[in-house]
Amino acid sequence: MRKAGESLCKPDSHLYYIGQDSFGLIGLIDGSEMLSTFGASLEDIRGFVEGGWSTCNNRSGDISQRGHVFRISTEHFEIDILPNLTSSDLVIFLGPEINSTHILESLVKSSVQLARIAFAEPHSKPPPLSKISRWRYCAECVLKPTRWMSEDHFTMTHEAEPLAVELGTKVAINAVSTGANVMIGRVYGNAMINVTVANNKLFYRSINIVAQLSKRPVDVCHAALLSSIYSMDTAVDGIEERPVSEHILTALKVKMAVPKAILLASGRAKTADDAHRMLQSATSIRLLVQTVT
């Protein structure tokens, strides 16, 4: 978690998950959640899965031609990412070893930081990766599912163990990505202060976050969020009566809408432009928001 946060705090640095089968999919999903949850760039955290879209069993087949963020296979990682890795980047292997010997050998020879989330039987060590010695890792997390699950001596069946390992992997990488975003300053207390207003649920959650931190009435915070979304300083007739779906479509193009709304609702910023300038010059969103709470 600390290594991930240190990497993402540096300019032009990234976190990459690589895995096969369900482990690669878990990393892919985690990376895809960062935009809406923390307002992160799609480049900050990305997942790559061996087999790409065929492993996803995607109904539309291979859609990697839609753009570079849709290039999700380990082959795409080798072409697009591997040549540009630096010592500020972090690559985390998930689960069993991927089959590409060339990728493994190239990563070992590079300056990139490597980590691993693996699994093993209770009281044993996980099998080593064939091309990577343990000394090469800056961090390693080993998951060991236990068959004894509760005081009632519930016994996990052999068939359920893979599910437990996958769930453990999901929890582990959630801790990594969430912890990294906390270190960057995108979380204050328990509030995701840079959440993207990407759907109906997040629209109303954003209003509640603004109200919680600015300590202002909900109607004031609603107006502040709309001011942030539309970059307006005076009320526009009928704008609050527009459907939420219209606000969301506009908000998807706006960066840091929620922290701007917090500054506006609290009175710390007088105009939307003021709030934007304050955030642009701030070293951390959390530190700036902290001044109004």
Just a yes or no: is a residue in the range 272-290 modelled with pLDDT of 90 or more, within 21 Å of the chain's Cα centre (by Cα) and open to solvent by 50 Å² or more (accessible area, probe 1.4 Å)? yes
State yes or no: is Glu43 in a helix (DSSP H, G or I), among the acidic types (Asp, Glu), surrounded by fewer than 19 Cβ atoms within 10 Å (Cβ to Cβ) and modelled with pLDDT under 95? no
Per the filter on the range 186-219, residues assigned to a loop (DSSP other than H, G, I, E, B) and within 14 Å of Met34 (Cα to Cα) are Arg186, Val187, Met192, Ile193, Asn194, Val195, Thr196, Val197, Ala198
Go through the range 2-34 and count every residue that is within 24 Å of Met256 (Cβ to Cβ), hydrophobic (A, V, I, L, M, F, W, C) and surrounded by 17 or more Cβ atoms within 10 Å (Cβ to Cβ). 4
State which residue is nearest to Ile248 (Cα to Cα) when the search covers only the range 199-224 and only residues that are open to solvent by 20 Å² or more (accessible area, probe 1.4 Å) and in contact (Cβ under 8 Å) with a residue 60 or more places away in the chain. Asn199
If you go through the range 240-250 one residue at a time, do you hit one that is under 21 Å from Ser41 (Cβ atoms) and touching a Phe, Trp or Tyr at 6+ places or on another chain (Cβ under 9 Å)? yes
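Keeping to the range 191-206, report how many residues are farther than 15 Å from Val289 by Cα and not aromatic (Phe, Trp, Tyr).
The qualifying residues number 8.
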A careful count of residues in the range 246-277 that are out of contact with any helix residue (DSSP H, G or I) (no Cβ under 6 Å at 6 or more places or on another chain) and either of a type in the set (Asp, Glu) or more than 14 Å from Thr196 (Cα to Cα) (or both) gives 9
Boolean, Thr196 is closer than 28 Å to Leu8 by Cβ, free of Cβ contacts under 8 Å to residues at least 40 places away in the same chain and either open to solvent by less than 80 Å² (accessible area, probe 1.4 Å) or within 27 Å of the chain's Cα centre (by Cα) (or both): no
Output for the range 86-102, where each listed residue is in contact with a Leu (Cβ under 6 Å, 6 or more places away or on another chain) and open to solvent by 10 Å² or more (accessible area, probe 1.4 Å): Glu97
Identify the single condition in (1) open to solvent by 70 Å² or more (accessible area, probe 1.4 Å); (2) among the β-branched types (Val, Ile, Thr); (3) in contact (Cβ under 8 Å) with a residue 60 or more places away in the chain that Thr293 does not satisfy, given that it satisfies every other one. (1)
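Any residue in the range 149-164 that is surrounded by fewer than 19 Cβ atoms within 10 Å (Cβ to Cβ), touching a Lys or Arg at 6+ places or on another chain (Cβ under 7 Å), at pLDDT below 85 and hydroxyl-bearing (Ser, Thr, Tyr)?
yes
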Among (1) surrounded by fewer than 18 Cβ atoms within 10 Å (Cβ to Cβ); (2) at pLDDT below 80, there is one condition Gly168 misses while meeting the rest; what is its number? (2)
Flagged in the range 26-68 as farther than 23 Å from Ala118 by Cβ and of a type in the set (Asp, Glu), in numbering order, are Glu43, Asp44, Asp62
Give Leu8, Leu104, Leu28, Leu35 a once-over and let me know the one that is in contact with a His (Cβ under 9 Å, 6 or more places away or on another chain) and either part of a helix (DSSP H, G or I) or modelled with pLDDT of 95 or more (or both). Leu8
Residues that are surrounded by fewer than 19 Cβ atoms within 10 Å (Cβ to Cβ) and touching a residue at least 12 places away in the same chain (Cβ under 8 Å), drawn from the range 251-266: Leu252, Val254, Lys255
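The values are calculated or read from the model by the stated rules, or taken from the named source; none is laboratory data. Just so you know, these numbers come straight off a predicted model, no measurement behind them. Quick reminder, even Gly has a Cβ in these numbers, built from the backbone with ideal geometry, and neighbours come from all protein chains shown. Each accessible area value is taken on the protein alone, full model and side chains, heavy atoms only, with ligands, DNA and RNA left out. Shrake-Rupley method; radii C 1.70, N 1.55, O 1.52, S 1.80 Å.
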